[in-house]
1. Would you check which residues across the range 278-308 are within 18 Å of the chain's Cα centre (by Cα), open to solvent by less than 50 Å² (accessible area, probe 1.4 Å) and closer than 29 Å to Arg37 by Cβ and list them?
2. With the structure loaded, tell me whether Leu36 is closer than 21 Å to Glu284 by Cβ, open to solvent by 20 Å² or more (accessible area, probe 1.4 Å) and either modelled with pLDDT of 85 or more or over 20 Å from the mean Cα position of the chain (by Cα) (or both) or whether it fails that test.
3. Contact list please: Cβ distance under 6 Å, first residue in the range 213-241 and open to solvent by 10 Å² or more (accessible area, probe 1.4 Å), second residue part of a loop (DSSP other than H, G, I, E, B), pairs at least six apart or on different chains.
4. Would it be correct to say that Ala54 is within 14 Å of the chain's Cα centre (by Cα), closer than 23 Å to Leu189 by Cα and touching a residue at least 60 places away in the same chain (Cβ under 8 Å)?
5. If you go through the range 91-114 one residue at a time, do you hit one that is part of a loop (DSSP other than H, G, I, E, B), open to solvent by less than 30 Å² (accessible area, probe 1.4 Å) and not basic (Lys, Arg)?
6. Please note which helices (runs of 4 or more DSSP H) are completely contained in the range 189-280 and include at least 1 residues that are among the basic types (Lys, Arg) and modelled with pLDDT of 85 or more.
7. Select from the range 149-183 the residues that are touching a residue at least 24 places away in the same chain (Cβ under 8 Å), among the polar types (S, T, N, Q) and either open to solvent by 80 Å² or more (accessible area, probe 1.4 Å) or within 21 Å of Leu36 (Cβ to Cβ) (or both) and list them in ascending order.
8. Take Gly11 and tell me if it is farther than 29 Å from Ile259 by Cα, of a type in the set (Gly, Ala, Ser), over 18 Å from the mean Cα position of the chain (by Cα) and open to solvent by less than 10 Å² (accessible area, probe 1.4 Å).
Amino acid sequence: MSMSVGAGEYGAAEALAYYFSAIVPSEHMTMVMDTLRLPRTLCALMVGVSLSLAASLLQSATRNPLAEPGLLGVNAGAVLGLVTGLTYFGVESAQGYLVWSGLGALAGNIVVLLVGHVMGKSSPLKLILVGVAMNATFGGLSNYILLSNQVVLDQFRFWNLGSLAAADMTAMALISPFLLAAIVLTFLLARQLTMMQLGEQQARSLGINTHWVRIGVLLASTLFTACAISVAGPISFVGFLAAYCARMVEPVRLSLQVIFSALFGVCFILIADILARWMIQPYEMPNGVLLAMIGAPVLIGVVRRGGFRSLLAVK
């Protein structure tokens, strides 16, 4: 579906014929399929996996089922890091985007994990309030820096809405090793994080070093957030929706939960991207705007129903 929707007259039949070599494609068709649609489809896969796994890790580490990079200010921290790099260090390359967004995400993740550790499981909503404060603080600093440089502001404006339209194969090739490393680290941490749901003391009695587990979560969630932000901008709610649905399917074992979370994340962002290209043709809507329109009411509904207690029920 993703390869069949977008600007141009090429639909599902043409896309299938093109990729199964059933036709001799024109130069224009090759450009549309390989330069426009294929990169953004692959980008949706990478961003969906990154944001959903980052949310699953943060939720397990903080024992807070509302934890998600966009809600907790981690995305805003990554944006602040990138704005700093763009304004003061002239960052233009994909490597620079990854490094500076990673530094900002690292700062946001450190605050989230520290606050989550201090609060424990006392109140899931308190961590969200901290996230609101972090979003406001990081956002205010980003805007202050941007006002000093009109060129950077113009460059930043559309990217900040969160979109796959500027997906670039070179940038995705660059982040692929970091994404793969974060995925491997996630599966290495899955068993320890599952045991930590029993409580700190019980986990330590089972031989789990909770300090190093949290450092691993910090590293993996930072890599995931930096990878997603650097190629697509700040997209919120994907991680929350994916992790919430995954927990409904597999509420206990994190090793299975992260697989379902990644699948849900990919599905959600692909559907959002397809709708973004289809709803207002020949124009398109930023993916971040569409996902916020869907995710915000869902979050309100989950809180009203008390769905955030599902993770806290594990003793």
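The values are calculated or read from the model by the stated rules, or taken from the named source; none is laboratory data. Computed from a prediction, not measured in an experiment: that's the story for all the values here. Here the Cβ positions follow ideal geometry from the backbone for every residue, glycine too, while neighbour counts run over all protein chains shown. Side chains are part of the model used for accessible areas, which takes the heavy atoms of the whole protein and leaves out ligands, DNA and RNA. Shrake-Rupley method; radii C 1.70, N 1.55, O 1.52, S 1.80 Å.
1. First, pick out the residues of the range 278-308 that are within 18 Å of the chain's Cα centre (by Cα): 286-296, 298-299.
Still in the running and open to solvent by less than 50 Å² (accessible area, probe 1.4 Å): 286-288, 290-292, 295-296, 299.
Correct list: Pro286, Asn287, Gly288, Leu290, Leu291, Ala292, Gly295, Ala296.
2. Numbers: closer than 21 Å to Glu284 by Cβ: yes; open to solvent by 20 Å² or more (accessible area, probe 1.4 Å): yes; either modelled with pLDDT of 85 or more or over 20 Å from the mean Cα position of the chain (by Cα) (or both): yes.
It is true that Leu36 is closer than 21 Å to Glu284 by Cβ, open to solvent by 20 Å² or more (accessible area, probe 1.4 Å) and either modelled with pLDDT of 85 or more or over 20 Å from the mean Cα position of the chain (by Cα) (or both).
3. Pro234/Gly162
4. Details: within 14 Å of the chain's Cα centre (by Cα): yes; closer than 23 Å to Leu189 by Cα: yes; touching a residue at least 60 places away in the same chain (Cβ under 8 Å): yes.
For Ala54, the condition - within 14 Å of the chain's Cα centre (by Cα), closer than 23 Å to Leu189 by Cα and touching a residue at least 60 places away in the same chain (Cβ under 8 Å) - is met.
5. Here is the first cut: in the range 91-114, the residues part of a loop (DSSP other than H, G, I, E, B) are 91-93.
Filter once more, so that each one left must be open to solvent by less than 30 Å² (accessible area, probe 1.4 Å): 91.
Add one more test, that the residue is not basic (Lys, Arg), and what stays is 91.
Yes, the range 91-114 has at least one match.
6. Details: elements: 200-205, 210-232, 238-249, 254-278.
Result: 210-232, 238-249, 254-278.
7. Once the filter is applied, which keeps residues that are touching a residue at least 24 places away in the same chain (Cβ under 8 Å), among the polar types (S, T, N, Q) and either open to solvent by 80 Å² or more (accessible area, probe 1.4 Å) or within 21 Å of Leu36 (Cβ to Cβ) (or both), the range 149-183 yields Gln155, Ser163, Thr170, Ser176.
8. On the way: farther than 29 Å from Ile259 by Cα: yes; of a type in the set (Gly, Ala, Ser): yes; over 18 Å from the mean Cα position of the chain (by Cα): yes; open to solvent by less than 10 Å² (accessible area, probe 1.4 Å): no.
When the stated conditions are applied, Gly11 does not pass them.
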